[in-house]
Amino acid sequence: MGKRLFVSVDLDGLADEIAAVQDHFEDASGLNFVDPEQAHVTVKFLGDTDSERVEDLVGELDAAVEDAGVDPFEAEFGGLGVFPSLDYISVVWVGTRTGGEELTRLHEAVEERTTAMGFDAEDHEFTPHVTVARMEHAGDKSLVQEVVRGRDPDVGTLAVEEIRLKESTLGPDGPTYETVERFPL
């Protein structure tokens, strides 16, 4: 049985600030909000992974952190954006004001190690971001566009000291995430 895995930087301690950003969109129908307690930057989505590969994966992620050569750093989160575009919104996110460079270096090192193991390469350029909502239908797209264009919220600063290998379990109330392993910077 496989595990649905991803590598992340978790926004520990910033749940209230993420919830405050989501409040800007509370009148928009069609949005599914991410649990603020589970807010994170996805460094690499790995998908369904054979349990037997996890040990090797942990070794490679250890090596990737070393490859990246990133020391613990502060990342400041704020501002709003969407994927893929304001005309066709599927994801609403908060970006990074600082720390994006370090997050990108971690992503590139993890990407290199995991694709060498046979995991799928990313099909788009890495943009460090925190997903706050997914758009199910475009009922209130114009309201979402208005908030994204008009607001520039500050979410706060996070001391990034590790990346985590997480397992995602899909349940009736959305996904729950569990930390499989931690990799200190």
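Counted residue by residue at 0.36 nm each, then reduced by the alpha carbon distance between them, the extension gain from Asn32 to His137 reaches 36.8 nm. Note on Thr176 and Val58: with the Förster distance fixed at 22 Å, the Cβ-Cβ geometry gives a FRET efficiency of about 0.55. Computed about its Cα centre, the charge dipole of the chain is approximately 440 debye, with only Lys, Arg, Asp and Glu carrying charge at their Cβ.
Mean residue ellipticity, 222 nm, helices only, the chain: the sum of -39500 (n - 2.57) across DSSP H runs of n ≥ 4, divided by residue count and rounded to 500, is -8500 deg cm²/dmol. Each residue of region 100-105 was assigned a 3J(HN,Hα) from its phi angle through the Karplus expression (A = 6.51, B = -1.76, C = 1.60, θ = phi - 60°), giving x, 5, 5, 4, 5, 5 Hz with x at Gly and Pro. Computed over Cα pairs, the Kirkwood radius of region 69-185 leads via Stokes-Einstein (1.002 mPa s, 20 °C) to a diffusion coefficient of 132 µm² per second. Over 24 Å apart: what share of the alpha carbon pairs of region 1-160 falls there, rounded to a whole percent? That fraction is 39 percent. Under 5 Å from the amide H of Ala133 lie the amide H atoms of Val34, Val92, each residue being 5 or more positions distant or on a separate chain, with H modelled from the backbone and absent for Pro and chain starts.
Phi angles of region 34-48 translate, via the Karplus equation with coefficients 6.51, -1.76, 1.60 and θ = phi - 60°, into HN-Hα couplings of 6, 4, x, 5, 9, 4, 7, 9, 7, 7, 6, 8, 9, x, 5 Hz per residue; Gly and Pro are given as x.
Every read-out reported here was derived from the displayed coordinates using simple, explicitly stated rules and does not represent laboratory data. Predicted model, so just to flag it, every value in this text is computed and none were measured. So basically every Cβ, Gly included, is an ideal-geometry build from the backbone, and we count neighbours across all protein chains shown.
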